[in-house]
Amino acid sequence: MATSPAPIEISRAAERIASARQLVVLSGAGISTESGIPDFRSPGGIWSRYDPNEFTFQRFCASAETRRRYWEMGAGLYPLLRAAEPNPAHRALAAFERRGGLRRIITQNIDGLHQRAGTSPQKIIEIHGTALAVACLSCERRRDRDEVQARFAAGDLDPRCECGGLLKPATISFGQAMPERETAQAFADAAAADVFLVVGSSLVVFPAASLPGVALEHGASLLIVNREETPYDANAVVVLRGSAGALLASIARELALPLEDA
Ligand code: NAD
């Protein structure tokens, strides 16, 4: 178990954030565990209960049985996502925007909690999409996920679009192409950052994991808030190990920023 960071480390992180003119944040599943959404890789995480190889994009497209299993997994996980509330870490990032200097939050998360915490939608890039919407893989029409999960619960085990296309939650699955515009924007933001803050990511899933390297190459200072070690810790000016909620709330306090309820 990591010991709590010293107050001096919190102050150093706060100073960097206060002086940032182009603050770019990369958030991962770890920022939302305190909202009750499990991450993928920690013990008890989603991949300890489901096999990721079963849910590749190719298998989803090829097999009605995989689609049924996928919607069944969604029946368990989606209500958790829908009911989750932003925690102090999401709210601290929203406060950083109100203070000024926030260029972007690039999130690997699919839970919509940055928006719910009050961060402006145009400041957020969801590079892995969103679990709150469903998209047709043929005509690309989007709809609310509630409607499709309800159809599944009522016995429609392979829900289709009116056009006949396959419906899939609007997340990026293993084997599925990353969204071009969002990915290009995320790399441009990383290159433009003067301070790059990672919150709750193991930094092992690409291409998101290459963003801190791009920021460093372009001269940004790297700050990392995560419970465990990451491959970039040695390159960071400050590494804060521990709870993202408590640590970001401490930084916001140091900057005299109130955390508003969402
Ligand atoms: P990950 O599961 O690989 O890593 C999460 C990291 O967060 C771990 O290193 C863990 O130690 C740390 N962590 C967990 N709880 C923390 C806390 N309270 N405070 C600080 N650190 C904490 O997640 P990842 O790197 O984001 O990548 C996995 C993929 O999982 C992403 O692609 C994302 O799309 C998806 N995912 C999203 C959600 C969500 O939307 N909330 C949940 C699970 C997985």
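Couple of notes before you dig in:
- Per-pair calculated FRET efficiency, R0 = 25 Å: residue 56 and residue 160 via Cβ, rounded to 0.05: 0.75
- Selection from 218, 206, 252, by position along the positive dipole direction of segment 121-262 (Cβ): 206
- Residue separation of residue 192 and residue 77 scaled by 0.36 nm, minus their Cα-Cα distance, works out to 37.8 nm of gained length.
- Once C-alpha pairs closer than 8 Å and six or more residues apart are averaged by separation and normalised to the residue number of the chain, the relative contact order reads 28 percent.
- Of the residues 123, 168, ranked by 1.4 Å probe accessible area with the largest first, the sequence reads 123, 168.
- Modelled this way, with points 7 Å down the Cα-to-C-beta line, the labels at residue 253 and residue 138 are 5.6 nm from one another.
- Between residue 150 and residue 204, the FRET efficiency estimated from the beta carbon spacing at R0 = 35 angstrom works out to 0.50.
- Contact order, relative form, for segment 38-145: 17 percent (alpha carbon pairs under 8 Å, 6 or more residues apart, mean separation divided by residue count).
- Residue ranges 251-260, 150-159, 96-105 sort as 96-105, 251-260, 150-159 when ordered by packing (mean number of other C-beta atoms within 10 Å per residue, highest first).
- For the chain: accessible area per residue (Å², 1.4 Å): 45 Å²
- Think of segment 1-139 as having a plus end and a minus end, set by charges on the Cβ of Lys, Arg, Asp and Glu; of 118, 19, 4, 19 sits farthest toward the positive end of this dipole.
- Per-pair calculated FRET efficiency, R0 = 22 Å: residue 217 and residue 11 via Cβ, rounded to 0.05: 0.20
- Apportionment of accessible area to carbon and sulfur, the chain, percent (1.4 Å): 52 percent
- Computed from Cα atoms, the angle from the helix 64-83 axis to the main principal axis of the chain rounds to 40 degrees.
- DSSP finds beta bridges in the chain, and of those with both partners inside it, around 25 percent are antiparallel.
The values are calculated or read from the model by the stated rules, or taken from the named source; none is laboratory data. Please read all numbers here as calculations on a predicted model, not as lab measurements. We place every Cβ from the backbone using ideal geometry, glycine too, and count neighbours over all the protein chains shown. Heads up: the accessible areas ignore ligands, DNA and RNA and are worked out on the full protein's heavy atoms, side chains in. Shrake-Rupley method; radii C 1.70, N 1.55, O 1.52, S 1.80 Å.
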